[in-house]
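The values are calculated or read from the model by the stated rules, or taken from the named source; none is laboratory data. Small disclaimer: the values here were computed from a predicted structure and weren't measured. Cβ atoms come from the backbone with ideal geometry, glycine included; neighbour counts cover every protein chain shown. Areas reflect the complete protein model, heavy atoms only, side chains present, ligands, DNA and RNA absent. Shrake-Rupley method; radii C 1.70, N 1.55, O 1.52, S 1.80 Å.
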Amino acid sequence: MTKIVAVTNCPAGIAHTYMVAEAIEEKAKSLGYEVHVETQGASGVENELTPKQIAEADYVILAIGKGLTDSDKARFDQKKVVELPVSEALKHIDTLFDDLEGNSHVMTSSKVKLGADQEVVTEGIMSYLMAGVSAALPFVIGGGLLIAIGSLMVQFGMPNTPLAKGTSPSIAWVITSIGNLGFQFMIPIMGAYIAYAISDKPAFAPAFLVTFLANDSDLLGTKSGAGFLGAIVIGLSIGYFVKYFKKIKLGKNFQSILPFMIIPFVTLLIFGLLTYYLLGPAMAWLMSVLLSFLQNIPTSMKIVGGFIVGAMLAFDMGGPINKTAWFFSFSLLSSHVFNWYGIVGVVTLLPPMAAAIATWIKPNLFTKQERAASWSAFIVGSTVATEPAIPYALAAPLPMITANTLAGGITGAITILLNVERTAPGIGIFDPLLGLESPWYWFYLCVAIGLVLNVSFIIIFKGIWLKRKEEKEKQAA
Amino acid sequence: MTMFNIDHINMNLNGNTQKEILSSLATLAKSQDIVSAEDTLVQDYLEREKESTTGFGNGVAIPHARTNNVKTTAILFGRSSSDIEWNSLDGKPVNTFISLLVPNDQGDTHLKLLAKLSRQLVHKDFVSILKNGTKEEVFTAINNVLEN
């Protein structure tokens, strides 16, 4: 039996979406086809197509009046698709089914996809995280490249004058500041899209705002923001919270304002306060414990210390653990101890460069979007910032963080053993040329060893992880 | 608070052009206190028609609007004595109108009812009542959809 799935939507979402859905259902049934139609109307998505229905369908009909989102299209990758404007669908309904084969084309979606031969993940926590990844990547790419340009301008002698009373800022500062916005907003965007993927629009605003709060050290009064791990925790908790909140019945009069007033307001209030009064202090406490732990490592255990600092730096890339290790190393500069900061110079280069190299060696372990972002991650990662590694870690937290942390730790130990010293922040891989990191030969050796380790770990761990996930999905199906 | 009652029906809408018919529907909407501003509704109708025609064939059109000018969700029904050019899908002029009006922030329950009604519009027997039935028959047919 011919099996058909369809999606209908229209600008207002009150009439044609449903007329066309009904028409397609009636017509298909009259022909003896099995049919499922998803309506995307004003009251949201109804009869949402399941991955199984889509997988089994011979043809997909998209009668669309307001376009499909990318992630929506991704569901139909490699399917035979007939696309037509919703306004035309009623006109052609009688002939629409005459030549589905001839009117269809194979959908090639360039969308988020795990590996070349893998099914698009449409459900479960991983798909929520992937939604965060694909939303955040453009922020890191755009922001990162601007920061890289700004930093290079300064290193080549252009002035870095910040905005202040009576002076106009220099162009290098302006470019860097705009780029910094990309990094600053990447984290709340992740939190917001993770929550959005779970429970749609009502979760977006509270998740965005609360993740912003959690990542803003000034607002929280901490030394670090919660970073991308904070975004995962907040995005998932708000997403699930709203998912169940939406089911509350408030009676006719209040039901209509539940999704766009009550839910965002209550969620923001609860999670905002929790973040401020629980997460903030908890992070501050964690950082002070870790800091005093680092300060109390006996000098005789330098290699162990190097391992711990390296591992911490690579662990959450800008989060509290990383910031503690950085703070520890940086504050020693004032007492003319340069070797701990040397670890920072080496280890923070590794995660983004390694992720980029791994996409080149084993492209099928990564999504198309991740592969496309690799050059930017490599350039930005090797010069100014670790942030480009974050989306890769978000896409597969367990294997990527394990790989980064382990490689960071070992490289940290080697770096301190070889006594690589760094005196000031510069432009990453070029630091020795600027005289900021020495001796240059040990520095490059450490980076090389670190990259080999980090890339190998990523390929091994992510490979195992993907295989396990595939087996799990097979069992589930 | 009903979405549809007998006063929402005008079996003799004034007008010979699309714009005049839409104005008559807007007058009807205003008289039932469904919209804040009559003119705005006419504009919204026209905007929607510009996007693509709401004349879906067989002489029936469903001009609709979803804006904050609309105060409560409502259905209007009308017929015109003359045939109106509507740029319909089948090219034929129109004399039967069913108009859906929805506030932007409308909750689920009403939208689901409108969805049900829209689904009926592709069924020939339902459309034939709209085109040929008496005022009471039309009223009963639409109400049956909403209530069942």
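Along the charge dipole of the range A:125-476, Cβ charges K/R +1 and D/E -1, which of A:Ala136, A:Phe265, A:Asn215 sits furthest on the positive end? Comparing the listed Cα positions along the dipole, A:Phe265 ranks first. The long axis of helix A:125-155 is offset from the longest Cα principal axis of chain A by roughly 40 degrees. DSSP beta bridges fully contained in the protein assembly as shown are about 40 percent antiparallel. Rounded to the nearest 20, the size of the Cβ-charge dipole of chain A about its Cα centre is 1020 debye, with Lys and Arg at +1 and Asp and Glu at -1. When the charge dipole of the range B:6-147 is built from unit charges on Cβ atoms (+1 for Lys and Arg, -1 for Asp and Glu) and taken about the Cα centre, the candidate among B:Ala141, B:Tyr45, B:His8 whose Cα reaches farthest toward its positive end is B:Ala141. Calculated accessible area for the range B:6-147 comes out at 42 Å² per residue, all protein chains present (probe 1.4 Å; ligands, DNA, RNA ignored).
The mean number of Cβ atoms from other chains found within 10 Å of a Cβ in peptide B:102-109 is 5, as a whole number.
Structure note, pairs A:Lys201/A:Lys467; A:Lys27/A:Lys91; A:Lys201/A:Lys474; A:Lys29/B:Lys92; A:Lys66/B:Lys116; A:Lys3/A:Lys247: Cα-Cα distances above 23 angstrom occur for A:Lys201/A:Lys467; A:Lys201/A:Lys474; A:Lys29/B:Lys92; A:Lys3/A:Lys247. Rounded to 0.05, the FRET efficiency of the A:Asp99 and A:Val174 pair, given R0 = 35 Å and the Cβ-Cβ distance, is 0.05. Round to the nearest 10 and give me the degree value, 0 to 90, for the angle of helix A:350-361's Cα axis relative to the longest principal axis of chain A. That helix lies at roughly 50 degrees to the long axis.
The contact residues of the range A:32-51, meaning those that lose at least 40 Å² of 1.4 Å-probe accessible area when all protein chains sit together rather than their chain alone, are A:Ala42, A:Ser43.
Summing both sides, the accessible surface hidden between A and B at a 1.4 Å probe radius is close to 2100 Å². Of all segments of chain A bounded by trypsin sites (Lys or Arg not before Pro) found in a DSSP loop with no more than 10 other C-beta atoms within 10 Å, the longest spans A:250-477. For a modelled paramagnetic label at A:Ala282, 7 Å from Cα along Cα-to-Cβ, the residues of the range A:206-229 in reach, with backbone nitrogen under 19 Å, are A:207-229. The mean number of Cβ atoms from other chains found within 10 Å of a Cβ in peptide B:59-65 is 2, as a whole number. Placing +1 on the Cβ of every Lys and Arg and -1 on the Cβ of every Asp and Glu, with no other charges, gives the range B:20-148 a dipole of roughly 320 debye about its Cα centre. Judged by the mean number of other Cβ atoms found within 10 Å, the most tightly packed of the peptides A:55-63, A:149-157 leads the ranking A:55-63, A:149-157.
Surface composition of the range B:7-148: carbon plus sulfur atoms contribute 44% of the solvent-accessible area (1.4 Å probe, protein chains only, all chains present). For the pair the range A:14-46 / the range B:34-105, the C-alpha centres are spaced 22 Å from each other. For the range A:417-477, with all protein chains in place and a probe radius of 1.4 Å, 66% of the accessible heavy-atom surface sits on carbon or sulfur. Neighbours of B:Ile142, meaning other residues whose beta-carbon lies under 15 angstrom from its beta-carbon, give a summed charge of 0 when Lys and Arg score +1 and Asp and Glu score -1.
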